[in-house]
Amino acid sequence: MTGTVVETRGLTRRFGDKTAVDHVDLRIAPGEIYGFLGPNGSGKTTLMRMMTGLLTPSEGSATVLGTDLPGNAEPLKQAIGYMTQNFSHYRDLTVRENLGFVGNIYGVPRRDLSARIDELLVTYDLVGQADQRVGGMSGGQRQKMALAAAVLHRPKLLFLDEPTSAVDPETRRNFWEQLFDLVDEGASIIVSTHFMDEAERCHRIAILERGVKRIDGAPPALMRDLPAQVVEVTGRDMRGAKARLDPAPEVLSTAQIGARLRVLLRPDLDRPEAVVRTILGAREDVSAEQVDPNLEDVFVAATTPELAA
Amino acid sequence: MISPRRILAIMKKELLQLRRDRMTFGMVIMIPLVQLLLFGYAINTDIRHIPAGLVDQSRTGLSRALAQMVEATQVVDFTHVYATPEEAEKALTVSEVRAVLIIPPDLLSRAVRSPSIGAAPPPATDMPAARPVAQWIVDGSDTMIAAGIRGLRGMPLGELFRKSVNTPVPTFEVALFYNPEQRSEVNIVPGLVGIILTMTMIMFTSAAIVRESERGNMEMLINTPVRPIELMVGKVIPYLLIGLVQVAIILGLGYVLFDVAVQGSLWVLFVVTLAFIGASLSLGLVLSTIAKNQLQAMQMTVFVLLPSILLSGFMFPFDGMPVPAQWLAQFLPATHFMLMIRGVVLRDAALMDMADGLIWLGAFTLVGLIVASLRFRKRLD
Ligand SMILES: Nc1ncnc2c1ncn2[C@@H]1O[C@H](COP(=O)(O)OP(=O)(O)O)[C@@H](O)[C@H]1O
Ligand SMILES: [Mg+2]
């Protein structure tokens, strides 16, 4: 392996006059979990589909596990696993039947197959559902089954498109532990999400917005290198506070999160919390303090036009 | 290159899905059953018991005897009696009856001069020429009914005068080799095998690929290493078995209910049927790669089914069709099958006699599978 499992060069896909993915350059190293973070419609699924050969790029190219795309993607299929965003296994088959089907299609050695399926049923906590039809299971159970099916043939590279959208927080934690186990076993994983906490667990992420890659890097580095300072404002009437802060030239952006207001300010200011207090005027019921940037701030900064420039 | 294991996996999956899809599973059994009963009993080309009217202007013993004689042929039943021809015409217009027999007042004088009595020599020149004894007015819109009545035109009348008829010597002697009693079921039951198989086989497979997309399984499927030809073959084989089950149902019931026995060997029947099922299935698969959803697949099935019923020789004799229609018919697998299945079931035809048809169906199957595989793209764009 050359040190990259995936490289994309100006990868672009248009649907009619809409550009779903816009000149994306990526370089993904083996053995890491690489996250695509972006809201719905930002092009995560389209990007994954181009990287697995399902969609032909309108422009640009990619090399995935040494296979050049666009081109014959068939040699790639055996080496990758793909968990689609919408459940795409057979709902009228049981978990075991679905896994058996996948195993046979990928040519998992016959004598290993049933042991492998049993192992996956245990790992993904599906023993009780093994002979239940998939259509009657919960969304979370289905997603666990889909992950089991995607890793069944031990692919070198795993694509997971919003794999935890239907699971509760605890299952999500287990899910991610299993992803780290897979990485320990030597797999590389590309995962898309719109959850910050999931993105934070990735080794590296790329933030996508309207098909454009705004920024990429390791989450701690992205937070450290945020070109802004963060002040958190708490108190009453946050909407009024936001209205005063937004027009100020020192303020880059504001975002209300519950009863708090996160304010991004220019990086060159001394004592940013004092700046905020000044803008808000003498209000006793409001407190402002500087805090460490989190990934949400990185996301806001990356998708704010003045900041991204 | 082609992996039998993957084909088997797809077959198994199709069979499992089929077994759990009660609707489809029911159709496998119910379609042949219902269609056989429907067609077997309803399609009857022998014209019998047409509702007819009677206008008796003669009102004599002779006219009553004539009416009875006509009814005795069983072609018509006199369900209504009218006083005047005008009244009868009105009844014909509103379809109360399909034909009316008008017996004129001068029935007796017409009858004695009628050549169908066989008595009188050609009339002298001063006598009025022989005229028909009575008149039929017929609703000609249904040609079968009209033909049935027209068949009564030359009915011998000798019996009217209790006099033996000097039966004319026919121009031709006709010996009926197969189906001597001329029962239409004998022709319809084997033909139905072709029609029902066309319907079910194309219907099942034309939805086969579309269904994978509609149920959202396509994205998973095209991400696997499965090859299109493996997918196509794997999807066809389970339906081959189902087709054979349907044939067994139709021919079994045909024997029990309609007394249509298979004259030929079951082995020949098996080969011929298998060839036809294969051709229908691969045609269905090609349609499936064209259709965007199951509704379109259904419409395409009907599009093929209709000519298969009308042009294949099932309804109308192939040889009687205009040449362009024959060309079109030649393209349909059902046409070749119709010829062969009737051959096997009714005449004990041998495989060698049907080599042309078999080769054609085999080639059709192969080309269909290849076209479907080539059309199937493992891409979403
Ligand atoms: N097959 C398609 N035809 C037309 N537009 C599409 C198609 N697939 C995706 N898009 C559009 O491209 C954009 C990106 O979609 P997608 O890749 O699904 O985003 P995400 O996965 O991040 O939600 C969306 O605006 C979507 O409407
Ligand atoms: Mg998506």
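The values are calculated or read from the model by the stated rules, or taken from the named source; none is laboratory data. The structure presented is a predicted model; accordingly, all values stated were derived computationally and were not measured. Neighbour counts are summed over all protein chains in view; Cβ atoms, including those assigned to glycine, are modelled from backbone coordinates with ideal geometry.
Consider only pairs whose beta carbons are under 8 Å apart and that are at least six residues apart or on different chains; among these, list those whose first residue lies in the stretch A:42-58 and is among the hydrophobic types (A, V, I, L, M, F, W, C) and whose second residue is modelled with pLDDT under 95 and part of a helix (DSSP H, G or I).
A:L54/B:E219
Which residues, taken from the stretch A:38-67, are buried (at least 17 other Cβ atoms within 10 Å of the Cβ), within 19 Å of A:P155 (Cα to Cα) and not hydrophobic (A, V, I, L, M, F, W, C)?
Correct list: A:R49, A:T52, A:G53, A:T63, A:T67.
Run down A:A255, A:A243 and say which single residue is assigned to a strand (DSSP E or B) and not assigned by TED's automatic domain parsing to the domain that holds A:G10.
Details: A:A243 fails: assigned to a strand (DSSP E or B).
Selected residue: A:A255, the only one of A:A255, A:A243 that is assigned to a strand (DSSP E or B) and not assigned by TED's automatic domain parsing to the domain that holds A:G10.
Taking the conditions exactly as written (closer than 18 Å to B:Q68 by Cβ, modelled with pLDDT of 65 or more and not in a strand (DSSP E or B)), does B:V112 satisfy them or not?
For B:V112, the condition - closer than 18 Å to B:Q68 by Cβ, modelled with pLDDT of 65 or more and not in a strand (DSSP E or B) - is not met.
Being in contact with a strand residue (DSSP E or B) (Cβ under 6 Å, 6 or more places away or on another chain) and part of a helix (DSSP H, G or I): is that true of A:L113 here?
Details: in contact with a strand residue (DSSP E or B) (Cβ under 6 Å, 6 or more places away or on another chain): no; part of a helix (DSSP H, G or I): yes.
Criteria not met by A:L113.
Scan A:L69, A:L47, A:L11 and give me the residue that is touching a Gly at 6+ places or on another chain (Cβ under 9 Å), modelled with pLDDT under 95 and either closer than 25 Å to A:V212 by Cα or of a type in the set (F, W, Y) (or both).
Working: A:L47 fails: modelled with pLDDT under 95; A:L11 fails: modelled with pLDDT under 95.
Result: A:L69 is the single residue among A:L69, A:L47, A:L11 that is touching a Gly at 6+ places or on another chain (Cβ under 9 Å), modelled with pLDDT under 95 and either closer than 25 Å to A:V212 by Cα or of a type in the set (F, W, Y) (or both).
If we keep just the residues of the stretch A:18-39 that are assigned to a strand (DSSP E or B) and within 11 Å of ligand 1 (Cβ to nearest atom), which is farthest from the chain's Cα centre (by Cα)?
This residue is A:K18.
Counting just the residues of the stretch B:356-381 that are under 23 Å from B:V189 (Cα atoms) and among the aliphatic types (A, V, I, L, M), which one comes out nearest to the other protein chains (Cβ to nearest Cβ)?
The qualifying residue nearest to the other protein chains (Cβ to nearest Cβ) is B:L361.
Looking only at residues in the stretch A:40-60 that are more than 14 Å from chain B (Cβ to nearest Cβ), near ligand 1 (Cβ under 8 Å from one of its atoms) and in contact with a strand residue (DSSP E or B) (Cβ under 7 Å, 6 or more places away or on another chain), which one is farthest from B:L221 (Cα to Cα)?
Out of the qualifying residues, it is A:S42.
So how many residues does the stretch B:4-50 have that are crowded, with 16+ Cβ neighbours inside 10 Å and farther than 20 Å from A:V102 by Cβ?
Final tally of qualifying residues: 11.
If a residue has to be more than 7 Å from chain B (Cβ to nearest Cβ) and crowded, with 18+ Cβ neighbours inside 10 Å to count, how many in the stretch A:68-86 make the cut?
6
So which helices (runs of 4 or more DSSP H) are wholly in the stretch B:181-298 and hold at least 1 residues that are surrounded by 18 or more Cβ atoms within 10 Å (Cβ to Cβ) and more than 14 Å from chain A (Cβ to nearest Cβ)? Give the derivation first.
On the way: elements: B:184-206, B:208-214, B:218-221, B:228-258, B:266-290.
The helices (runs of 4 or more DSSP H) meeting that bar are B:184-206, B:208-214, B:228-258, B:266-290.
The rows are residues; the columns are (1) in contact (Cβ under 8 Å) with a residue 24 or more places away in the chain; (2) outside the structural domain of B:L306 (by TED's automatic domain parsing); (3) in contact with an Asp or Glu (Cβ under 7 Å, 6 or more places away or on another chain).
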{"site": "B:R211", "(1), (2), (3)": "yes, no, no"}
{"site": "B:V226", "(1), (2), (3)": "yes, no, no"}
{"site": "B:L251", "(1), (2), (3)": "yes, no, no"}
{"site": "B:Q263", "(1), (2), (3)": "yes, no, yes"}
{"site": "B:W267", "(1), (2), (3)": "no, no, no"}
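Only one residue in A:L160, A:L152 is within 16 Å of ligand 1 (Cβ to nearest atom), within 23 Å of A:F87 (Cβ to Cβ) and within 14 Å of chain B (Cβ to nearest Cβ). Which one?
A:L160
Only one of B:L18, B:L62, B:L37 is assigned by TED's automatic domain parsing to the domain that holds B:A83, outside any strand (DSSP E or B) and either among the acidic types (D, E) or in contact (Cβ under 8 Å) with a residue 24 or more places away in the chain (or both). Can you tell me which?
Just one listed residue meets the conditions, B:L62.
Any residue in the stretch B:365-381 that is acidic (D, E) sitting within a Cβ distance under 7 Å of a residue that is crowded, with 19+ Cβ neighbours inside 10 Å and assigned to a loop (DSSP other than H, G, I, E, B)? List the pairs, counting only those 6 or more apart or interchain.
Here the result reads B:D381/A:L55, each pair linking the stretch B:365-381 to a residue that is crowded, with 19+ Cβ neighbours inside 10 Å and assigned to a loop (DSSP other than H, G, I, E, B).
With the condition kept exactly as written, say whether any residue in the stretch A:100-117 is within 12 Å of another protein chain (Cβ to nearest Cβ), among the acidic types (D, E) and surrounded by fewer than 14 Cβ atoms within 10 Å (Cβ to Cβ). Outline the logic, then answer.
First pass over the stretch A:100-117, keeping only residues within 12 Å of another protein chain (Cβ to nearest Cβ): A:100-110, A:113.
Next, from what is left, pick out any that are among the acidic types (D, E): none.
No.
For the stretch A:192-201, which residues satisfy the criterion of being under 8 Å from the mean Cα position of the chain (by Cα) and not β-branched (V, I, T)?
A:S192, A:H194, A:F195, A:E198, A:A199
Find the helices (runs of 4 or more DSSP H) located wholly in the stretch A:44-106 whose residues include 1 or more that are closer than 29 Å to A:H23 by Cα, in contact with a Ser or Thr (Cβ under 6 Å, 6 or more places away or on another chain) and within 16 Å of ligand 2 (Cβ to nearest atom), and list them.
A:44-51
Exactly one of (1) facing another protein chain (nearest Cβ under 10 Å); (2) within 12 Å of ligand 1 (Cβ to nearest atom) is unmet by A:T94. Its number?
(2)
Within the group A:F101, A:F15, which residue is within 16 Å of ligand 1 (Cβ to nearest atom) and among the aromatic types (F, W, Y)? Don't jump to the end; show me each part of the working.
On the way: A:F101 fails: within 16 Å of ligand 1 (Cβ to nearest atom).
Just a single option satisfies the conditions, and that option is A:F15.
Which of the residues spanning the stretch B:7-42 are among the polar types (S, T, N, Q) and at the interface with another protein chain (Cβ under 10 Å from one of its Cβ atoms)?
B:Q17
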